[in-house]
Amino acid sequence: MATVSLTVNGKAVTANVDPRTLLVQLLRENLRLTGTHVGCDTSQCGACVVHLDGKAVKSCTTLALSVDGAAVTTIEGLALNGVLHPMQEAFREHHGLQCGYCTPGMIMAAVDMVNRRGHSLDEATIRDDLDGNICRCTGYHNIVKAIAAGAEAMGKAETPTRKAAE
């Protein structure tokens with residue numbers, strides 16, 4: 001067993017893991033953060049996307065030991081004091097989900113997309129950047145609408161819901 005220490009959703013955690021343990025296993029099995037899903041184990045579907053030091057990664061192909069000392073944010077860490085993150089709210093408002101299995105990974109990828117590309121995203125950019133995030137239930141139409149709305153909401157200096165939560 002090896003020891004890994006990291007910050008998950010703002011909290012310091014330490015765990016003893018087998019050196020072959022994947023980040024998604026650490027999150028789901030050790031820390032019981034089950035919002036991060038496993039859909040393919042081959043890094044193709046994106047259901048396992050989390051933020052590692054502020055950047056989107058697929059946790060199903062990231063070894064837990066490789067993130068020692070890092071900061072990880074999961075879908076559970078996006079909301080602030082019970083108030084949904086603007087991207088989470090946009091997915092809710094614009095029906096950007098169906099069965100919900102891919103939704104956490106989609107939202108995490110979308111937040112990363114906004115952080116990299118800015119707050120004004122067109123449909124082609126969103127669809128191109130979603131490559132690697134698979135939804136088997138929808139035609140992506142409402143997901144794209146939700147991401148565009150979430151990006152715009154994230155662009156506001158302080159959204160009323162986030163300010164109220166602080």
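The values are calculated or read from the model by the stated rules, or taken from the named source; none is laboratory data. Since we're looking at a predicted model, the values are computed, not measured. Don't worry about glycine lacking a Cβ; one is built from the backbone with ideal geometry, like all the others, and counts go over all protein chains shown. For the accessible areas, the whole protein counts, side chains as well, though only heavy atoms, and no ligand, DNA or RNA atoms are used. Shrake-Rupley method; radii C 1.70, N 1.55, O 1.52, S 1.80 Å.
The figures follow:
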{"read-out": "Among S120, S59, S43: highest mean-square fluctuation, GNM of the chain, C-alpha pairs under 10 Å", "value": "S120"}
{"read-out": "Local net charge near V49, Cβ-Cβ under 10 Å (Lys/Arg +1, Asp/Glu -1)", "value": "0"}
{"read-out": "FRET efficiency for Q44 and H95, using Cβ-Cβ distance with R0 set to 25 Å, rounded to 0.05", "value": "0.50"}
{"read-out": "Global geometry of the stretch 7-85, whether rounded, prolate or oblate, following the gyration tensor of its Cα atoms and the 1.5 cut on a/c", "value": "oblate"}
{"read-out": "Relative contact order of the chain, pairs being alpha-carbon contacts under 8 Å that are 6 or more residues apart, as %", "value": "24 percent"}
{"read-out": "Surface share of carbon and sulfur [accessible, 1.4 angstrom probe, percent] for the chain", "value": "48 percent"}
{"read-out": "About the Cα centre, charge dipole magnitude for the stretch 1-93 (Lys/Arg +1, Asp/Glu -1 at Cβ), debye", "value": "40 debye"}
{"read-out": "Mean ellipticity per residue at 222 nm, deg cm²/dmol - from DSSP H runs of n ≥ 4 across the chain, formula -39500 (n - 2.57)", "value": "-9000 deg cm²/dmol"}
{"read-out": "Chain lengthening between N81 and N142 when straightened (0.36 nm per residue, less Cα-Cα)", "value": "19.3 nm"}
{"read-out": "E29 paired with D68, simple spin-label distance in nm, labels 7 Å along Cα-to-beta-carbon", "value": "2.0 nm"}
{"read-out": "Amide H within-cut-off set for G46, under 5 Å, with H built and near neighbours excluded", "value": "I134"}
{"read-out": "About the Cα centre, charge dipole magnitude for the chain (Lys/Arg +1, Asp/Glu -1 at Cβ), debye", "value": "180 debye"}
{"read-out": "Which of R136, R28 is most accessible, then next, and so on - probe 1.4 Å", "value": "R136, R28"}
{"read-out": "Top of Q98, Q25, Q88 by mean-square fluctuation, Gaussian network on the chain, Cα under 10 Å", "value": "Q98"}
{"read-out": "Gain upon complete extension [S5, D122; 0.36 nm per residue less C-alpha separation]", "value": "38.2 nm"}
{"read-out": "Highest-fluctuation residue, A109, A124, A15 considered, GNM on the chain with Cα pairs under 10 Å", "value": "A124"}
{"read-out": "Where labels lie 7 Å past Cα in the beta-carbon direction, separation of K55 and T14 in nm", "value": "2.8 nm"}
{"read-out": "Pairs of lysine residues in the chain - Cα separation under 23 Å, sequence separation of 8 or more or cross-chain", "value": "6"}
